[in-house]
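A short worksheet on the structure shown next.
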Amino acid sequence: MALIDIKVPDIGDFDEVTVIEILVKPGDIVKADQSLLTVESDKASMEIPSSHGGVVKELRVKLDDKVKQGSIVLVLEAEADAPAVAPVASAPTAPVAQAAAVAAPVAVASAPASPAAPVAAATPAQTMPAHEPTAATGQLPHASPSVRKFAREIGVPLAEVKGSGLKGRITQDDVQGFAKSVMAGDVRTQAQAVKAPVGSGGDGAALGLIPWPKVDFAKFGPIERKEMSRIKKISGANLLRNAIMIPAVTNHDDADITDLEAFRVSTNKENEKSGVKVTMLAFLIKACVAALKKYPEFNSSLDGDAIVYKNYWHIGFAADTPNGLMVPVIRDADQKGVLQLSQEMGELAKKARDGKLGSAEMTGATFTISSLGGIGGKYFMPIINAPEVAIMGVSKSTMEPVWDGKQFVPRLMLPLSLTWDHRVIDGAAAARFNAYLGQILGDFRRVLL
Ligand code: COA
């Protein structure tokens, strides 16, 4: 067996290149043409192959060294009968080509592989479950051609892998580590992201958050574990998505409902025998429809780069049920009077509590009202019910001293909390919406205007 020097072959137009990755170590058995190092110029990266097969005896370069054609890379104990090959550096991978690779990642399979499956041995189509992209770094990933090839083969999008190599370069270990964390659920799959509420383990990694605390509560006292209801699981996943994906802002305001409440109470007295109780929420629905007509962006949805304005006013209202929160929808609320709205609301709320609400009765809302007024509290931040772009939270009205210009007078004030999607709506519009709603609730005759 002969000891031979493996040298940098012809690397084209480049005088000097930097060693950015060493792919072998002393004792490794390499084949002729196997990549030994990755080098990089200011324009491209390429791999330096071995001219012979054999055992690596000694490395003659280290990371960050500058090498050129003829530089000795390592000493190899060549196989006696192994023929030499004419070494040719791999085709350079230019930054432009890297960008294309990022823009068109290999499609990932939807069926997750067994977590126990060894990453390197799995076939491309079976290797990676679809996963939630991690936060983009805004930079192109740096990786050698062999690492890119490996990532492509196992379906790992390099743009999401954090590099641990020199200057953040992505190594084969980084790709393997990323693949393992997807398999183990540390990086959540897209399906898991919408199904699993925060707190169910492994969450937050996809967003770069520290892991959810795992506590053995039984260590501190007696506990009881209960599965969440189906409704809670579904609404939790929707709320999580909406809270994360919508840049939401909440504007708080007060409406003077002294006269409206007096009217409501007297109407209910007059209609005692009818069996229909007029609720504050029915007035709120009517008032919100008037505000939605004046400010149509609140009755819209986002569709890509377009805003879809709806010329119908279906109002959802949050109903507290033994199984969790449900949102029945009153259709064409603009065409209904307060009595009819009160009656429909009562029927839908009962159906919701009895678990008899059909799916058609929970879809198509253009705006939602969440009223905690019957329970208590002062202001809260409701979460928008996507694909709607705004929601009105209503708290308990209280008698308050209000300055009328000359003196403080007792007025019944209703706290309003309007959450809106800042991609569609601006703060000024939200303030106007609340102010207009307050005017209507203060003097309901304005609904007629
Ligand atoms: N301020 C003060 N009192 C209010 C009020 C308000 N904003 N809104 C209602 N009330 C009073 C009513 O006058 C009524 O009192 P009364 O029994 O003396 O007449 C009582 O609270 C109950 O009101 P009611 O008319 O039965 O119901 P509602 O219209 O307030 O609400 C639902 C109906 C379905 C919305 C309600 O039952 C519900 O489920 N609310 C919870 C919604 C929720 O969980 N939202 C949070 C989502 S995160």
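So, residue 264, is that one within 30 Å of the chain's Cα centre (by Cα) and either within 17 Å of residue 364 (Cα to Cα) or not β-branched (Val, Ile, Thr) (or both) or not? So residue 264 does not fit the description; no. The one condition from (1) open to solvent by 50 Å² or more (accessible area, probe 1.4 Å); (2) within 15 Å of the ligand (Cβ to nearest atom) that residue 394 does not meet is (1). For the stretch 265-285, the set of residues classified as open to solvent by 40 Å² or more (accessible area, probe 1.4 Å) and part of a helix (DSSP H, G or I) consists of 265, 266, 269, 270, 272, 273, 274, listed by residue number. The listed residues are 226, 233, and the only one of them that is free of Cβ contacts under 8 Å to residues at least 60 places away in the same chain, in a helix (DSSP H, G or I) and under 35 Å from the mean Cα position of the chain (by Cα) turns out to be 233. Taking the residues in the stretch 150-160 that are modelled with pLDDT of 75 or more and assigned to a helix (DSSP H, G or I) as candidates, determine which candidate is least open to solvent (accessible area, probe 1.4 Å). Filtering the stretch 150-160 for residues that are modelled with pLDDT of 75 or more and assigned to a helix (DSSP H, G or I), the one least open to solvent (accessible area, probe 1.4 Å) comes out as 151.
Of the residues in the stretch 425-437, at least one is over 32 Å from the mean Cα position of the chain (by Cα), of a type outside the set (Ser, Thr, Tyr), within 15 Å of the ligand (Cβ to nearest atom) and surrounded by 21 or more Cβ atoms within 10 Å (Cβ to Cβ). Can you spot a residue in the stretch 370-383 that is of a type in the set (Val, Ile, Thr) and more than 11 Å from the ligand (Cβ to nearest atom)? Taking every residue of the stretch 370-383 in turn, none turns out to be of a type in the set (Val, Ile, Thr) and more than 11 Å from the ligand (Cβ to nearest atom).
As for the stretch 397-405, it holds at least one residue that is modelled with pLDDT of 95 or more, surrounded by 21 or more Cβ atoms within 10 Å (Cβ to Cβ) and near the ligand (Cβ under 10 Å from one of its atoms). In the set 435, 430, only one residue is closer than 15 Å to residue 299 by Cα and not in a loop (DSSP other than H, G, I, E, B); that residue is 430. Can you find a residue in the stretch 52-65 that is part of a strand (DSSP E or B) and on the phi > 0 side of the Ramachandran plot? Looking through the stretch 52-65, at least one residue is part of a strand (DSSP E or B) and on the phi > 0 side of the Ramachandran plot.
The values are calculated or read from the model by the stated rules, or taken from the named source; none is laboratory data. Since the structure is predicted, the reported quantities are computational estimates derived from the model, not experimental observations. Cβ: placed from backbone, ideal geometry, glycine included. Neighbour counts: every protein chain shown. We work out accessible area using only protein heavy atoms, side chains counted, and drop any ligands, DNA or RNA first. Shrake-Rupley method; radii C 1.70, N 1.55, O 1.52, S 1.80 Å.
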